[in-house]
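J.: Attaching a single structure in structure tokens format; questions to follow.
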Amino acid sequence: MKLASLKHGRDGRLVVVTQDLTRATEADTIAPTLQAALDDWERIAPHLHDLAEQLEHGAVPSFRFHEHDCAAPLSRAYQWADGSAYVNHVDLVRRARGAAIPESFWSDPLMYQGGSDGFLGPRDPIRLADEEWGIDFEGEIAVVTGDVPMGAGREECAAAIRLVMLANDVSLRNLIPGEISKGFGFFHAKPASAFSPVAVTPDSLGDAWDGGRLHRPLISMLNGQLFGKPDAGTDMTFDFPTLIAHAACTRALSAGTIVGSGTVSNRDADGGPGLPIAEGGLGYSCIAEQRTVETIRHGDPRTPFMRFGDRVRIEMKDGRGHSVFGAIEQVVERAG
């Protein structure tokens, strides 16, 4: 089942979307918003599944689905907890700051709590005031949970995964060192994130979903050129049940909590940093990784961060080449 929120008010209007993302039907007689569905998921989900089946068979009224009409599946959420499940990414970005990773990073997930009061839609521009902030995209996988009690174990956390989607966790790299040095985490360096047009139930992902990881390449394009295609299921040190359990260690999670994977990142076959696309590698899901690899290999970074007018596209395709979640496609614009 694939769900989307068309732009309408603050929280969007819930629709069910066909598997091929071509048509949609209103779901407001079942639940007006995705958050309302998540709040009563056990009762509402079966009705949404029935509607999805009817839609696939042309048995209900439908309309052409346009991704640019979408808000984020959850336009705002009770919680947005972003992990860093790909320790290879953590290692690379810390190297850029001249900092080694502690051994504990391989056994204890990193996580920060991001702003969740307003997310960007998949086609909304990234509006910022200053190019010198070091504007970067970060291609990620994210899951949406049901209610998770404090101290929940892995199995309970796995069962709480309701939906899967893609994310662009925009980062302002030149602001990060100053914030980190204060010892109190990110704030200014993490503006609003964007999410894919549709959120997908795990059962609709087939063999690509193993219960904790999504095994498909995450495709990032920068200004029309392929920038990265690392596999989201490879080199993911902490799977989603582990991340959710980490988030719920000292607090309960409300239905509608979004948990992110962190930037999808693969090592090279020899265990070292991945190679750029231009050299036959899988590339990267953010600019910072490519800059770090350039610094390691050449002594200095050569790829600039994003400028006003630059465009990023983040997407995942199934084995037949069809888009699974639709695409996040955003242009960087000057605010004001």
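J.: So how much slack lies between Asp203 and Ala269, counting 0.36 nm per residue of separation and subtracting their Cα-Cα distance, in nm?
T.: 20.7 nm
J.: Return a whole-number percent for the relative contact order of region 56-208, with Cα pairs under 8 Å and 6 or more residues apart as the contact set.
T.: 26
J.: Report the full-extension gain for the segment Thr22 to Gln54: residue separation times 0.36 nm, less the Cα-Cα distance, to one decimal in nm.
T.: 10.1 nm
J.: Rounding to the nearest 20 debye, state how big the charge dipole of region 250-336 is about its Cα centre with +1 on each Lys and Arg Cβ and -1 on each Asp and Glu Cβ.
T.: The dipole magnitude comes to about 240 debye.
J.: Give the calculated FRET efficiency between Arg127 and Asp231 to the nearest 0.05, with a Förster radius of 41 Å applied to their Cβ-Cβ distance.
T.: Here the calculated transfer efficiency is 0.80.
J.: Let me ask you something else. What do you reckon, how do Trp41, Trp106 stack up by accessible area (1.4 Å probe), largest on top?
T.: Ranking Trp41, Trp106 by accessible area, largest first, yields Trp106, Trp41.
J.: Here is a further query. Would you mind getting me the FRET efficiency between Glu155 and His8? Use the beta-carbon distance for r and R0 = 30 Å, nearest 0.05.
T.: The formula returns an efficiency of 0.25 here.
J.: Between the alpha-carbon centers of region 131-151 and region 289-324, tell me the distance in whole angstrom.
T.: What the calculation gives is 18 Å, centre to centre.
J.: Could you please put Asp310, Asp210 in sequence from largest to smallest accessible area, using a 1.4 Å probe?
T.: Asp210, Asp310
J.: Among the lysines, which have Cα under 30 Å from the Cα of Lys182 when same-chain residues fewer than 8 positions away are ignored?
T.: Of all the lysines, those that pass the test against Lys182 - Cα under 30 Å, at least 8 places apart if same chain - are Lys190.
J.: Counting only helical runs of four or more DSSP H residues, what would the 222 nm mean residue ellipticity of the chain come to if each run contributes -39,500 (n - 2.57) and the total is spread over all its residues?
T.: It comes out at -5500 deg cm²/dmol, rounded to the nearest 500.
J.: Share of region 1-71's accessible area from carbon and sulfur, percent, 1.4 Å?
T.: 49
J.: If I take R0 = 56 Å and measure r between the Cβ atoms of Arg43 and Arg297 in this structure, what FRET efficiency does the formula 1/(1 + (r/R0)^6) give, to the nearest 0.05?
T.: Plugging the Cβ-Cβ distance into 1/(1 + (r/R0)^6) gives 0.50.
J.: Taking 0.36 nm per residue of sequence separation and subtracting the Cα-Cα distance, how much length would be gained by fully extending the chain between His215 and Glu103, in nm to one decimal?
T.: Stretched out fully, the His215 to Glu103 stretch lengthens by 37.7 nm.
J.: Please give every one of the lysines within straight-line cross-link reach of Lys229, meaning a C-alpha to C-alpha distance under 17 Å, and leave out same-chain neighbours fewer than 8 residues apart.
T.: Within the straight-line limit of under 17 Å, Lys229 reaches these lysines: Lys317.
J.: Please give the Cα centre distance for region 2-46 versus region 269-287, rounded to the nearest Å.
T.: Using only Cα atoms to place each centre, the spacing works out to 37 Å.
The values are calculated or read from the model by the stated rules, or taken from the named source; none is laboratory data. Keep in mind that this is a model prediction, so the values were computed, not measured. Here the Cβ is made from the backbone with ideal geometry for all residues, glycine too, and neighbour counts use every protein chain on show. What goes into the accessible areas is simple: the full protein's heavy atoms, side chains included, and nothing from ligands, DNA or RNA. Shrake-Rupley method; radii C 1.70, N 1.55, O 1.52, S 1.80 Å.
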